[in-house]
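This report concerns only the one structure given below.
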Amino acid sequence: MDLSIFGYQFMQNAILSAVLGGIACGTIGVFVVTMHMPFVGVCMSHAAFAGALLGLWLGFNPLIGAFGVSLASAAIIGPLADRGELSPETSVGVIFSLMLGLAFLFMGLMPGTKSGALELLWGSILTNTRSDVMLLGIVAAVVVGLVIAFYKEFQATVFHRDMARSVGIPATLILYVILFLTGATITVSLSSIGGLLIFSLILNPAAAAYQLTYSMKRMFLLSAGFAVLSGWIGLLMSYLLNIPSGATIVIVSSVIFGIATILSPKRKVKPWQKKPLPEERR
Amino acid sequence: MGSRVKTKEMNNIVINIENAVVSYREDVALRGVSLRVKSGEFVGIVGPNGAGKTTLLTIVNGLGKLVHGRVEVLGHLLTPGSGHFLRKRVGYVPQVENIDPRMPINVREVVMIGRYGLLGLLRRPGEHDWKIVDEMLELVGMSHLAQRPIGHLSGGEQQRVAIARCLAQEPELFLLDEPTASLDWRAKADILGLVRLIHNSRHLTTLFVTHDLSCLPVACDRVILVKQGLIWGEGSPAEALTDDNLSQLYDMPISAVRERRKEAILI
């Protein structure tokens, strides 16, 4: 196998992107999974996609558009998710379809070739530049830094928002910080993984970690580890088999989730649980 | 009668609710409630479902939002700004909810959440905090389950953990919302005894919401009857919980109330 390819700058950028994007996505994913709000993340990633297309259409930086629109969607979803009244899924579903509609509207209105738009849809980690890597690094550092600094506030809010509030933790603020970080992570990962696929790199590694541990700290580590691993294996396979990288990364992360679910100690009935209690112990 | 002994504490009012109105969407949960609670009192709040009992608790810890009236807690006027600060001194045990059995957090960590507000931002729990957590788990008899994932516990066990969490906060007020709901009769009696013990030994002021009348007489100094968002009556358990009052409170014929009493005697 010829691996001299890894000496090239673009490949190094891709490998670094996988590490930094993986850490950010894996960490954010823990919140999405434990707070039971996967649909909120899906909605925000499509909002980011629509925002990026708006930027492409009107000629400003797609990243700014992506960040702005995903935060705007978070501002609408946040209060719904926080209050927990009327099933938020319905309203989030409406916003989700609106974002998808806007995305395709902007794409249709865009003059000329749509290659830039398609790249945002599929993503291409192999064309990441040094500045893309820098941006991923900054977001990953902010996400990890905040989680470490405010671990106990995040932990309490994730477990039970009303309980967190009742002991004097500003749970609403923490929820909005989580939504803000989700928006930022999605935005900077858009060019690597693509608007349609980014969400699975947030959800799948965390969902896999959720199957394997009862410790939240370990869940953060496992989730980030799985996300980085998905990036690396996906990248390698995409290079060796000459297939699209974003799609490969997402498929690898799904396979990791599948394996974690099969191996999960949380759903297995242990052998001793299958036997009736022996006569002498009744 | 027992309350007469505590004449010194009589002037010491720790909860003062004046004409509180709380509305959700199109419903009015409280329609002008005034209530004073003295330091060290154990007050039972009774009434049918939807009467506003839980809302009455949430305006004391500032989670419920007033549309009219004022609430003073521990000598401070409760405002949206003072809520965080006051909540650190008010222990709240909400109704038991289903917890995802796969939730990655164990019993000891859940109890520690009670101390997070006191600790404040950027400070980590130290040895002293873990010691308090372990003491509280011991007190509620849950030490043997300390390392178990919280979602694996039964309803009664989770209720005990919630009480331990509340106590780890070292509160001055102790608010309990239906702590005996959905428990078997042995667990009910145990939780009740535990709450009374804690109330006495830690000199707390306790508000105890329930629709389970069999719990009340042994535990309370005073009973508040709540119906349709208003305080409908109050008094000592013997004065308040008469057949006549209960029949009107629950819109039930007196004969049915008497029948219920006989059934409840088992507990």
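No lab work stands behind these numbers, since they all come straight from the coordinates. For clarity, every value in this text was computed on a predicted model and none was experimentally measured. Virtual Cβ from ideal backbone geometry, glycine too; neighbours counted across all protein chains shown.
Okay, helix-only estimate at 222 nm for chain A: each DSSP H run of n ≥ 4 adds -39500 (n - 2.57), divide by all residues, round to 500 deg cm²/dmol; what do you get? Mind dumping the intermediate values first?
Numbers: 12 runs with 217 residues, N = 282.
My calculation for chain A gives -26000 deg cm²/dmol from helical runs alone.
Which ordering of B:Arg261, B:Arg160, B:Arg25 is given by a fewest-first count of other beta-carbon atoms within 10 Å?
Values: B:Arg261 14, B:Arg160 25, B:Arg25 6.
So the ranking, lowest neighbour count to highest, is B:Arg25, B:Arg261, B:Arg160.
Which net charge results when you count Lys and Arg as +1 and Asp and Glu as -1 among the other residues whose beta-carbon is under 12 Å from that of A:Ile148? Provide the component values of the computation, followed by the final result.
Values: positive: A:Lys152, A:Lys217, B:Arg124; negative: A:Glu153.
Local net charge: +2.
Nearest 5 percent is fine: what portion of the DSSP beta bridges confined to the protein assembly as shown is antiparallel?
Of all bridge pairs located within the protein assembly as shown, approximately 55 percent are antiparallel.
Based on DSSP H runs of at least 4 residues, each adding -39500 (n - 2.57), what is the mean residue ellipticity at 222 nm of chain B after dividing by all its residues, to the nearest 500 deg cm²/dmol?
Values: 10 runs with 96 residues, N = 267.
That calculation yields -10500 deg cm²/dmol at 222 nm.
I want the local charge near B:Pro149. Using Cβ-Cβ distances under 13 Å, sum +1 for each Lys or Arg and -1 for each Asp or Glu among the other residues.
Details: positive: A:Arg218, A:Lys266, B:Arg102, B:Arg108, B:Arg148; negative: B:Asp100, B:Glu109, B:Glu157.
Taking every other residue near B:Pro149 into account, the sum is +2.
Hey, got the average number of other protein chain Cβ atoms within 10 angstrom for residues in B:115-128?
Numbers: counts 2, 9, 10, 2, 5, 3, 6, 4, 1, 2, 1, 0, 0, 0.
Whole-number average of other-chain Cβ neighbours for B:115-128 is 3.
Using only the Cα atoms of chain A, build the gyration tensor, take square roots of its eigenvalues as a ≥ b ≥ c, and label the shape rounded, prolate or oblate: rounded if a/c is under 1.5, else prolate if a/b is larger than b/c, else oblate.
Oblate, since a/c reaches 1.5 and b/c is not below a/b.
If one takes the longest principal axis of the Cα atoms in chain A, at what angle in degrees, from 0 to 90 and to the nearest 10, does the Cα axis of helix A:9-34 lie?
Taking Cα atoms only, the helix is inclined about 40 degrees.
If you rank A:Tyr8, A:Tyr210, A:Tyr151 by fewest surrounding Cβ atoms within 10 Å, what's the result? Please list the in-between numbers first.
Values: A:Tyr8 11, A:Tyr210 25, A:Tyr151 14.
Ordered from fewest to most neighbouring Cβ atoms within 10 Å, A:Tyr8, A:Tyr210, A:Tyr151 come out as A:Tyr8, A:Tyr151, A:Tyr210.
With angles folded into 0 to 90 degrees, how steeply does helix B:107-119 sit against the dominant principal axis of chain B? Use alpha carbons for both and round to 10.
Once rounded, the angle reads 90 degrees.
Provide the per-residue ³J(HN,Hα) series for region B:60-69, in order, calculated from phi with Karplus coefficients 6.51, -1.76, 1.60 and θ = phi - 60°, each as a whole number of Hz, with x at glycine and proline positions.
With coefficients 6.51, -1.76 and 1.60, one gets 6, 9, x, 7, x, 9, 6, 9, 7, x Hz.
Tell me the angle of helix A:88-109 to the major Cα principal axis of chain A, expressed in degrees between 0 and 90 and rounded to the nearest ten.
The two axes meet at around 20 degrees.
Considering only DSSP beta bridges where both residues belong to chain B, give the percentage that are antiparallel (nearest 5).
Numbers: 22 of 40 bridges.
Around 55 percent of the beta bridges assigned by DSSP in chain B are antiparallel ones.
Longer than 32 Å from Cα to Cα, which of A:Lys275/B:Lys262; A:Lys152/A:Lys266; B:Lys88/B:Lys227; A:Lys275/B:Lys131; A:Lys152/A:Lys275 are they? Say none if no pair is.
Details: A:Lys275/B:Lys262 43 Å; A:Lys152/A:Lys266 24 Å; B:Lys88/B:Lys227 30 Å; A:Lys275/B:Lys131 39 Å; A:Lys152/A:Lys275 41 Å.
The answer is A:Lys275/B:Lys262; A:Lys275/B:Lys131; A:Lys152/A:Lys275.
For B:Trp130, A:Trp272, A:Trp57, B:Trp185, what's the fewest-to-most ordering of other Cβ within 10 Å of each Cβ? List each step's numbers first, then the result.
Values: B:Trp130 14, A:Trp272 6, A:Trp57 19, B:Trp185 11.
Neighbour counts put them in this order, fewest first: A:Trp272, B:Trp185, B:Trp130, A:Trp57.
In the neighborhood of B:Val73, defined by Cβ-to-Cβ distances under 15 Å, what is the net charge if each Lys or Arg adds +1 and each Asp or Glu adds -1? Display every interim value, and only then the final one.
Values: positive: B:Arg36, B:Lys38, B:Lys65, B:Arg70, B:Arg87, B:Lys88, B:Arg89; negative: B:Glu18, B:Glu41, B:Glu72, B:Glu172.
Summing Lys and Arg as +1 and Asp and Glu as -1 gives +3.
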